[in-house]
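Derivation of every value follows stated rules applied to the coordinates shown; laboratory data play no part. A quick note: this is a predicted structure, and the numbers were derived from the prediction, not measured. Neighbour counts run over all protein chains shown; Cβ positions are idealised from the backbone, glycine included.
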Amino acid sequence: MADTTNTADHGVGYLGTHRFLIELDSISVASFRTMSGLSSKQDVVEYKLGGDRSVRRKPGRVTFNNITLERGFSTDKSLADWRQAIVDGKDDRRSGAIVYLNADGSEALRYNFFRAWPVNWEGPGLNASGNELAIEKIELAVEWIQIETS
């Protein structure tokens with residue numbers, strides 16, 4: 001039987017977008033439907049020395065985009081309660097991870113995020129004539145993201 005593993009030229013397997021888990025400190029969470037916003041950006045600091053004819057550049061501050069998570073709406077109020085704690089002035093930052101899974105369900109790699117807090121929570125839209133799943137969204141501001149491979 002032929003090997004159908006999707007690999008790059010160097011034998012590194014690609015990961016699908018449909019097999020992932022979200023972990024959050026002290027929140028029992030159901031599966032999330034989507035995750036987006038996993039990215040970082042670094043400022044470029046330009047400077048010039050004495051007689052230089054060109055501008056030199058060096059790495060500056062790193063910033064991370066907000067991570068947006070969507071899941072089916074349920075009677076579990078943990079995400080809304082976390083957001084409400086922030087609205088009420090409590091500094092309730094939590095760490096977590098976005099875990100990518102191999103085809104067999106084992107962990108392939110993870111992006112750990114640190115000192116996250118919800119900056120936005122959105123409840124589901126309702127439509128009496130529809131039959132779609134109700135979805136809640138939460139947007140997390142994160143201070144740092146670190147990749148960890150298995």
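Taking other C-beta atoms within 10 angstrom as a stand-in for reagent exposure, Val55, Val99, Val142 fall in the order Val55, Val99, Val142, fewest first.
Ranked for footprinting exposure by Cβ neighbours inside 10 Å, fewest first, Trp117, Trp82 give Trp117, Trp82.
The order of Lys137, Lys41, going from fewest to most other C-beta atoms within 10 Å of their C-beta, is Lys41, Lys137. Among the listed options (1) 53, 40, 26; (2) 93, 35, 24; (3) 70, 60, 33, the one matching Cα extents along the principal axes in Å as calculated from these coordinates is (3).
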